[in-house]
Structures are given as structure tokens and as C-alpha cells.
1. Applying the selection to segment 296-308, what residues are surrounded by 18 or more Cβ atoms within 10 Å (Cβ to Cβ) and either under 27 Å from residue 495 (Cβ atoms) or β-branched (Val, Ile, Thr) (or both)?
2. Just to verify a result, which residue in segment 184-207, among those that are over 21 Å from the mean Cα position of the chain (by Cα) and free of Cβ contacts under 8 Å to residues at least 40 places away in the same chain, is farthest from residue 250 (Cα to Cα)?
3. Scan 87, 122, 59 and give me the residue that is touching a residue at least 12 places away in the same chain (Cβ under 8 Å), open to solvent by 10 Å² or more (accessible area, probe 1.4 Å) and under 16 Å from the mean Cα position of the chain (by Cα).
4. Output yes when any residue across segment 180-203 is outside any loop (DSSP other than H, G, I, E, B), in contact with a His (Cβ under 8 Å, 6 or more places away or on another chain) and β-branched (Val, Ile, Thr), and no when none is.
5. Looking for something in contact (Cβ under 8 Å) with a residue 12 or more places away in the chain and closer than 30 Å to residue 236 by Cβ - is there at least one such residue anywhere in segment 368-383?
6. Being open to solvent by 40 Å² or more (accessible area, probe 1.4 Å) and either under 19 Å from residue 80 (Cα atoms) or under 20 Å from the mean Cα position of the chain (by Cα) (or both) is the filter here; which residues of segment 309-325 pass it?
7. Being surrounded by 22 or more Cβ atoms within 10 Å (Cβ to Cβ), of a type in the set (Lys, Arg) and closer than 26 Å to residue 244 by Cβ is the filter here, so list the residues in segment 151-204 that pass it.
8. What is the one condition in (1) farther than 22 Å from residue 252 by Cα; (2) without any contact (Cβ under 8 Å) to a residue 60 or more places away in the chain that residue 497 does not satisfy?
Amino acid sequence: MKLKYFLFAALATSAFTACEDMDTAPEGATLTEDQKVEIGTAKPERAEAGVRGIFSQFNVYMPNYDAIGSRHNDFGYSSIMMFTDANTEDVVSGDNGYNWAGNSLTYDDRVYTSRESQIVWNDYYKIIFSANTVLGSLSADSEDPLTQYYLGQALAARGFCYLELAQLYQFNYKGHENAPCVPLITDQNSEQAATEGAPRATVEAVYAQVNADLTKAIEVLTKSQQAGQKRPDRRYIDLAVAYGLRARMNLAMQNWSAAAADAQAAIDNTDARPATIAEVSAPTFMNANEPNWMWGIYIAETDDVVSSGIVNWISHCGTLNYGYGQYSGGRKISKKLWNSIPDTDIRKGWWSNDKGICANISDEWNAYLQATFKATDKQKAAGIVATPYLSCKFAPYQNVLNNDINANDIPLMRVEEMYLILAEAQAMDGKDGKTTLEQFIRSYRDPAYTCTGDVQAEVYRQKRIELWGEGRIWFDLMRLNKGIDRRGAGYEPNCVLKIDANDPNLLWRLPQTEITGNSALTDADNNKNAPVPTAVEDADIAL
């Protein structure tokens, strides 16, 4: 989407139907600092509407309709979660007409005219646009707790977007500091960018902006919370979430000591706690009020993505609810990754086993799996009763089996991630991350767990298990400079890919609409146009 679209157009899309427009300059003039204070304090409902606008865009029904038409994979930020998971080797799915992540499964999404390329770009920059609008209306030096709260929301949301964009459009931070990343549009340069265009900033510059945004967010949210200002619910960002975002950033930058400190600060400041073994011994991850959630996308039954029936994240990525998953074959864990989970780990029952039985659900629910996700004749001959390795992780809405009300909340940050960041950062900083990791896994997932080998590699494996299907693992894959190896994972033959680290296919390309609409960019400024990867021979084809 053209940058000018975000800077000047009225954005007459569903992204803004959920909130009133923010009238920041009713006289059409440049805002003075006094006017900013008036908007943020004397008329706080205007800033409040702007903040609501930021987070409403995480859950929007077809926000890109004007650009790409009706697409059943266009439902806000969780679309990006689905795309990035499909890019990995861990979230196995079938390449068929019901799988709306099919282009990401085969890496056809890297074509810069793909609809996915526009969805990813547009969704992040719409959030950035909304954050810039809020920030442009408020005084950054305000001592008013409510204004500080609004500032913290906008700064942290913008930092979140640029941090993820950096890891989608360029390789890991170390060694690529001077490589081109994405255009930096802030409340300070938006007018100039609209008239002159915006070039790709360097990786170092983008991370500097992320750091500045998150550090300022932590500062103002600390003051705001100390004055008694609290977020209404977990769709918004609090101090702990801001620390968690900066922990992710420092981990990506290999600032190990800082990453450990931020992860610990996130743990210390959150009201969330890790889910117990008992709490994750049945399908869950459905409600933002669950004890381990720090931040999530709130979904209401009245939301358009819900009333659509099937144009929503859980329709595609759930198994126990009604939706596309019933027809696409569902989402499965990599056979290799599942086999790495000890039988003593409760999470092994988050998926059906090699016979198609899920240990963490009732006989009634297993019968549903057998009836809905039927084993092939070849599988039946081998004693398999339903699709092996099928996800049973995400509960259906209200725990009603085959519920066609797809109003599940969607996790954006859980406190378990902070413990895993802490363990890795401590280990890489020469501290005892091994003990941190062992204590966490033994307490909350596997009482018999012992960490053997490299702690960083083991944390990566634990994250692939713990955060499976939550749209997070791609960012660890990129920061650790991993490739993709789907051999032996259980993919269909045409989706068995082996992509080396630093292969240009791992990078998203700026969409064609951005290249043509941004006067500071040409085709030469885009990431390399590499041929779509071709399938390789599978090393161990699952039944």
C-alpha cells in the first residue's frame, strides 16, 4: 500500500469503523505543544479513540478489501501469524483449496504482487499510522498519567510493528546492521515522507527507533502505573508487555544481559503466571483472561470476523471448532518435533499421537477427530485411526466441541515466553541459564526434564513446542539464522522444502504497490527476486 495512502487518505476501510476518528487539528493547522496537551488531557476521549483505533486493527474483517478484494485470509494481525507459521517447518498443513495459507506454505507469498505481500505490509503500516496519529497529538513530556498511558500504548505498538518488520524484510541484526530494512515513518517525518517518499532505512536505524520507542514507552508507563493508571484489559499494553517487547528486541540484537534484565522485569511486573501442568492438560489458549496471558487480541461474538463464520484465525488454525480446518485437513506438528517431546511432557498431548489419538482430550472428542479427520486407507492398515500429529492445543470457543461461534481470543504474549528468553539470555551471557530452563520446564511442563547440550539450541526447541501455532517462532528462526528443513516432518511431497539460512526466499519483498507508490523507491531497492523454492526428496515420509 502506498505510504501516501496512510499519510493523507481518509482510510475509509473497516479498520476504522470500530472507533471514532481522532480530530487532532480541527482548524487544519499544525498543532502546538499547548494544543497537544489540550487534546490529551482536556479532551482525553479523542486520544482514547485513537488508542482504540490502534488495537482494533489487530482484529479487522478484510481490512485490505479495497486493495485485494475479498480474501478469506485477510483478518488483521492474526493473518500474519498464520502466514509466518506456514513458512516454518513446524506447522504442517496441506496444499489444497481450503488452506488459505497455501501460498505461504509453498513460499509463493514472496512474489511481490502476491496478496499476502500486501496484507503483511498494509497491516503493519496501518497500525504504525494509527500510532503516529496518537503520538502527533500528545505532548511527549506530559506528566498527566492518562496522557502518559496513551503515549505508552502508541509507542509500544509502533515499536512492536517495526521490530517484526525488521525480521521479515531483513536477516538477523548482527552482521546486517547496514543492510536495507523498511521505511521509517514516524510522527516526526510523516509529512516529508508523503511529499518526498521514504527510502528503506538501515537495520541499525530501524532497531534504534524500536529501542527508542520501547524505552520511552517503559518510562511513561512506569510513571502512569505508579500514579494508578491501569489498562482496561489485556488487549492493551502495560508495563510488563513493554518490557517483554524490549526483551524480544534485545534478544534479536544479542544484547544478552539487557534481554535477561527485561525478561525478568516483564515477569516481575506482570499479573500473569505460567500455566500449571494441570491447566494445560486439556485444550486451552482460548481466552485472554487465562492466567498466563500478558497480551492478546480480544474477539467479541459481535465482531465481523466472528459473524463471518469462517473468516477468522481459529477457523483456519483450530481443529476442535467448526471452520476451514475441517476441510483443509487441519494444522499438524512436525513429526520430527513431536518425536523430540518426551512422554513425561504434558505438551505431547497438545497433538494427536502417531496413531491419531490425542492424550489430552476425552474419548468423545477423540471420536470427533476420527470422524472429522479420517485416516487414509494406508494409515488404517497400519493401525492409525485419525490424522496423526493433529493439533488439539487450542480449545474451541467456550469449550464447546465443533462450536461454529469462532470468538476465540488470540495470544500475542504469554509469560512462558519470558522465562524462555530469560534462560537463553542468561546462558549466552555466561550465567546459569540451564538451571532457569530446567526449573521452569520441570515446574510447569515436564517434571522429569533435564537440559542436555547447548542451552540456546534447547530453548529454541522448547519455544517451537511451547509457542507452536502462535505466530512467534518465525522471529526466532530469523534471529538465530536458521534455515528450513521439512524433510521427515510429514509434509506433502510438493511442500517438502529445504531452504538454507540466508537464502533470499526467507525475506519478504516489498509489495509492488509500495515500490510504485513511494517516490523514494525503485525496483532495485527491493529484496532479491529469487525463484520460488522447489521440493526436495523427503527423507522419511510419514504415513
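1. 297, 299, 305, 306
2. Filtering first and then ranking leaves 195.
3. 59
4. yes
5. Checked against the condition, which is being in contact (Cβ under 8 Å) with a residue 12 or more places away in the chain and closer than 30 Å to residue 236 by Cβ, segment 368-383 yields no hits at all.
6. Once the filter is applied, which keeps residues that are open to solvent by 40 Å² or more (accessible area, probe 1.4 Å) and either under 19 Å from residue 80 (Cα atoms) or under 20 Å from the mean Cα position of the chain (by Cα) (or both), segment 309-325 yields only 310.
7. Residue satisfying the conditions is 158 alone.
8. (2) is the only condition that residue 497 fails.
The values are calculated or read from the model by the stated rules, or taken from the named source; none is laboratory data. Everything numeric here is computed off the predicted structure, so don't read it as measured data. Glycine also receives a Cβ, built like all others from the backbone with ideal geometry; neighbour counts cover every protein chain displayed. Ligands, DNA and RNA are stripped out before the accessible areas are found, and what is left, the full protein with its side chains, is counted by its heavy atoms. Shrake-Rupley method; radii C 1.70, N 1.55, O 1.52, S 1.80 Å.
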